[in-house]
Amino acid sequence: MLELTCPSCGSLIHLKIRSPHMITCNYCSSTSILEGESWKDIGKLAILTETPSIFTLDHLYSHKGWDFTPRGRVRYTYDKGRGFWDEWYVISSNGKASWISVDEGDIAVEVSEPLPSTPLPAFENLKVGMKILMNRKNFMVAELGTCTMIGCEGMLPFVIEENDTYNYADLLGTRKEMYTIEYEEDGIKLFKGHWIDPYEIKDFAKKY
Ligand SMILES: [Zn+2]
């Protein structure tokens with residue numbers, strides 16, 4: 001396994017995802033980001049307040065035969081601070097990456113999806129309740145909002161700046177299918193996913 005020496009405290013950090021760009025050290029809680037070929041210490045970001053969470057970093061979980069381990073977490077706050085949710089960066093036993101969003105009891109698994117050939121509507125043109133055709137299926141705009149990153153931990157595949165804000169749209173389909181469109185500064189990102197039942201997640205209580 002590849003290793004990195006924490007630029008802040010010198011502890012050895014085992015790299016648990018393929019190409020991390022942002023790492024928070026377990027020992028000193030400092031966050032480092034990859035700049036070109038070298039790691040730069042950007043200091044301590046906001047500590048994630050520990051509310052009971054369904055996942056623990058680096059533990060093994062399973063959902064209907066799909067085994068995965070959370071390796072990173074980003075916390076976002078909704079507009080006007082009416083609460084927050086977590087996005088867990090998880091790696092499957094086959095090495096594939098996905099995201100699990102946890103908003104209290106609502107849990108969705110999402111993977112990054114290429115943008116469709118017909119351009120997605122601009123954020124300003126969306127309204128809650130509106131129908132959008134995605135992959136020849138109807139999806140309804142269920143939620144529109146603005147979110148801000150307020151903290152992170154573990155290892156992430158990209159650098160995300162604290163207080164980075166973007167607009168998002170949650171689209172709901174039938175059979176627990178969903179899409180999230182993120183309208184970010186560097187372009188639109190699309191994620192396809194489905195809602196899962198938290199009671200169907202098995203916790204092996206084993207650290208990996
Ligand atoms: Zn450290």
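Results, tabulated for the structure shown:
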item	result
Any hit, region 77-91, residues being away from the ligand (no atom under 16 Å from the Cβ), among the charged types (D, E, K, R) and in contact (Cβ under 8 Å) with a residue 40 or more places away in the chain	yes
Enumerated strands (runs of 3 or more DSSP E) restricted to region 71-118, each holding at least 3 residues that are touching a Phe, Trp or Tyr at 6+ places or on another chain (Cβ under 8 Å) and within 22 Å of residue 206 (Cα to Cα)	84-92, 97-103
Filter result for the condition that a residue is within 15 Å of the ligand (Cβ to nearest atom) and either more than 25 Å from residue 201 (Cα to Cα) or out of contact with any His (no Cβ under 7 Å at 6 or more places or on another chain) (or both), over 65, 43, 36	43
Failed item, numbered, when residue 48 is tested on (1) within 16 Å of the ligand (Cβ to nearest atom); (2) in a loop (DSSP other than H, G, I, E, B); (3) not β-branched (Val, Ile, Thr)	(1)
Selection from region 1-22 of residues that are surrounded by 16 or more Cβ atoms within 10 Å (Cβ to Cβ) and within 13 Å of the ligand (Cβ to nearest atom)	4, 6, 7, 8, 13
So residue 5, is it farther than 23 Å from residue 106 by Cβ, touching a residue at least 60 places away in the same chain (Cβ under 8 Å) and of a type in the set (S, T, N, Q)	no
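To keep it simple, each residue is scored yes or no on (1) out of contact with any helix residue (DSSP H, G or I) (no Cβ under 7 Å at 6 or more places or on another chain); (2) exposed (fewer than 12 other Cβ atoms within 10 Å of the Cβ).
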{"residue": "146", "(1), (2)": "no, no"}
{"residue": "157", "(1), (2)": "yes, no"}
{"residue": "163", "(1), (2)": "yes, yes"}
{"residue": "166", "(1), (2)": "yes, no"}
{"residue": "172", "(1), (2)": "yes, no"}
{"residue": "176", "(1), (2)": "yes, no"}
{"residue": "192", "(1), (2)": "yes, no"}
{"residue": "195", "(1), (2)": "yes, no"}
{"residue": "202", "(1), (2)": "yes, no"}
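Every residue, every condition in (1) under 18 Å from the mean Cα position of the chain (by Cα); (2) surrounded by 15 or more Cβ atoms within 10 Å (Cβ to Cβ); (3) closer than 17 Å to residue 196 by Cβ; (4) modelled with pLDDT of 95 or more, yes or no:
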position	(1), (2), (3), (4)
75	yes, yes, no, no
78	yes, yes, no, no
85	yes, yes, yes, no
92	yes, no, yes, yes
101	yes, yes, yes, yes
105	yes, no, yes, no
117	no, no, no, no
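The values are calculated or read from the model by the stated rules, or taken from the named source; none is laboratory data. Please read these numbers as outputs of a predicted model, since none were measured by experiment. As a convention, Cβ positions derive from the backbone with ideal geometry for all residues, glycine included, and neighbour counts pool all protein chains shown.
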